[in-house]
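Visitor: After the structure tokens below, expect a handful of questions from me.
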Amino acid sequence: MLSYRHVFPAGNLGAVLKHLALLATLRAATRKEAPLAYLESHAGAGSYALPEDGAAEYRTGIAPLWQARRRLADPLLRDYLQLVLRAQARGTPVPGDALPDLASEVPLRRYPGSPWFARATLRPPDDLWLAELHPTDHARLVDLLRDRAYVHVERKDGHALLRAQLPPKARRGVVLIDPAYELADEGDRVLASLADALRRFGHGTYLVWAPLRGKAAPSQMERGILRLAPAKLLRVAFTPQAAAGMLAGGEGGAPLGSVLWLLNPPYRVDEVLRAAFAECAPLLHVQADVRWLLGG
């Protein structure tokens, strides 16, 4: 498990899908004044230098959106890209900070991870609980977020973190489960962890990400999540089209499609994501899917 590091897929299609969904969820959740807890099971280093070689995965993910940033109109896409632009400088933003102008001439050299987006969105009354096992990434994450008392970074198994911190003291919470899926049974571990979390904190909001190919077995995971019978279940996915595979250099370098399940998402998150995907899907050469599996 420690061989995997989030730097490898930083800024790829899966990261774009995950971070758009996460940002939409957190923006909606923080409209209420009541405190909120955010928990992330596999947090990574929080910010990544992008590789310069032509095979880098971000070239079919964040890069097309970055190039088109001045003409994008969707509010969620602009919000997301402003935070990516802010990530090119040192330091992490806090709610209320002035975000930079998307017309700024700044080269894309870094990509922020999920903790960055959470840190930029959540407020001092909120709590951030982050787990990262890799010693190097854990140290970098601690350094990145060390200025805030309400950020807790633990070097432990992410599933153990969920068991320890759910239900949260705030009684409101958003949970991101985003493992590497290096092990053949990782999907089963996610389902077991999710089942336990729902028993402890059934009205919480959960985001569960998985790649569409590899060891994750997303169709099996989806059946397992449906069996857990959350009140609401929204499925969002990016499936690369043939043109995207050619952009990445053929079958061997084809972009990785991914799926994300949102359990008990805030009101109208599905509408926000549909609007954002309608504008960005042609740029990313993906088929974007947003549909309710339960509730809605």
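The values are calculated or read from the model by the stated rules, or taken from the named source; none is laboratory data. Note that the coordinates shown come from a computational prediction; the quantities given were computed from them, not determined experimentally. As a convention, Cβ positions derive from the backbone with ideal geometry for all residues, glycine included, and neighbour counts pool all protein chains shown. Surface accessibility is based on the protein's heavy atoms, side chains included, excluding ligands, DNA and RNA. Shrake-Rupley method; radii C 1.70, N 1.55, O 1.52, S 1.80 Å.
Visitor: Checking a compactness column here: for the chain, what do you get for Rg(Cα) / (2.2 N^0.38 Å), N being the number of residues?
Guide: 0.92
Visitor: Out of all DSSP beta bridges with both ends in the chain, state the antiparallel percent to the nearest 5. Show your work: numbers first, answer last.
Guide: Working: 23 of 39 bridges.
Percent antiparallel among DSSP bridges in the chain is about 60.
Visitor: Same structure, new question: Karplus couplings for the range 280-296 from phi (6.51 cos²θ - 1.76 cosθ + 1.60, θ = phi - 60°), rounded to Hz, Gly and Pro as x?
Guide: Residue by residue, the range 280-296 yields 8, 4, x, 5, 8, 6, 10, 8, 9, 10, 10, 8, 7, 9, 9, x, x Hz.
Visitor: Next up: Beyond 24 Å, how much of the Cα-Cα pair distribution for the range 156-296 remains, as a whole percent?
Guide: On the way: 3532 of 9870 pairs.
For the range 156-296, the fraction of Cα-Cα distances above 24 Å is 36 percent.
Visitor: Moving to a separate point now. Which of the aspartates and glutamates could a cross-linker span from K215 if the Cα-Cα distance has to be under 13 Å and same-chain partners fewer than 8 positions apart are dropped?
Guide: Those aspartates and glutamates meeting the cut-off are E182, D185, E186, D188.
Visitor: Roughly what would the spin-label model give for L183 and A231, points 7 Å off Cα along C-beta, in nm?
Guide: With each label placed 7 Å out from Cα toward Cβ, I get 3.3 nm.
Visitor: Give me the extension gain from L294 to S104: residue separation times 0.36 nm, minus the current Cα-Cα distance, reported in nm with one decimal.
Guide: On the way: separation 190, 0.36 × 190 = 68.40 nm, distance 4.20 nm.
Length gained, L294 through S104: 64.2 nm.
Visitor: While we're on this one: Please compute the per residue accessible area over the chain with all protein chains in place, 1.4 Å probe, rounded to a whole number of Å². Before the final figure, lay out the partial values.
Guide: Working: 12690 Å² over 296 residues.
Heavy-atom SASA per residue in the chain reads 43 Å².
Visitor: Here is a further query. Cα gyration tensor of the range 111-189, axes a ≥ b ≥ c as square roots of the eigenvalues: rounded (a/c below 1.5), prolate (a/b > b/c) or oblate? Write down the numbers at each step before the final one.
Guide: Working: a/c = 1.84, a/b = 1.25, b/c = 1.46.
Note, shape of the range 111-189 comes out oblate.
Visitor: Quote the FRET efficiency, to the nearest 0.05, computed for A160 versus T136 with a Förster distance R0 of 22 Å and r equal to the Cβ-Cβ distance.
Guide: Working: r = 20 Å, r/R0 = 0.92.
E(calc), rounded to 0.05, equals 0.65.
Visitor: Calculate, in nm to one decimal, what R78 and H203 gain on full extension: separation in residues at 0.36 nm each, minus their alpha carbon distance. Could you put the intermediate results ahead of the total?
Guide: Values: separation 125, 0.36 × 125 = 45.00 nm, distance 2.98 nm.
Extra length from R78 to H203 when fully extended: 42.0 nm.
Visitor: On the accessible surface of the chain, probed at 1.4 Å, how many percent belong to carbon and sulfur atoms?
Guide: 52 percent
Visitor: Rounded to the nearest 20 Debye, what is the dipole magnitude of the range 32-135 about its Cα centre when Lys and Arg each give +1 and Asp and Glu each give -1 at the C-beta? All intermediate terms of the calculation are to be shown ahead of the outcome.
Guide: On the way: 12 positive and 13 negative charges, 63 e Å.
So the magnitude is around 300 debye.
Visitor: If each residue of separation counts as 0.36 nm, what is the full-extension length gain between A278 and T239 once their alpha-carbon separation is subtracted? Write down the numbers at each step before the final one.
Guide: Working: separation 39, 0.36 × 39 = 14.04 nm, distance 1.37 nm.
Full extension from A278 to T239 adds 12.7 nm.
Visitor: Straight-line reach from K169: which lysines have a Cα under 29 Å away, not including same-chain ones fewer than 8 places off?
Guide: Within the straight-line cut-off, K169 pairs with K18, K32, K156, K232.
Visitor: Moving on to the next point. Rounded to the nearest 0.05, what FRET efficiency do A68 and E271 have when you use their Cβ-Cβ distance and R0 = 35 Å? If you can, show how the numbers build up before the last one.
Guide: Numbers: r = 22 Å, r/R0 = 0.64.
According to the calculation, E is roughly 0.95.
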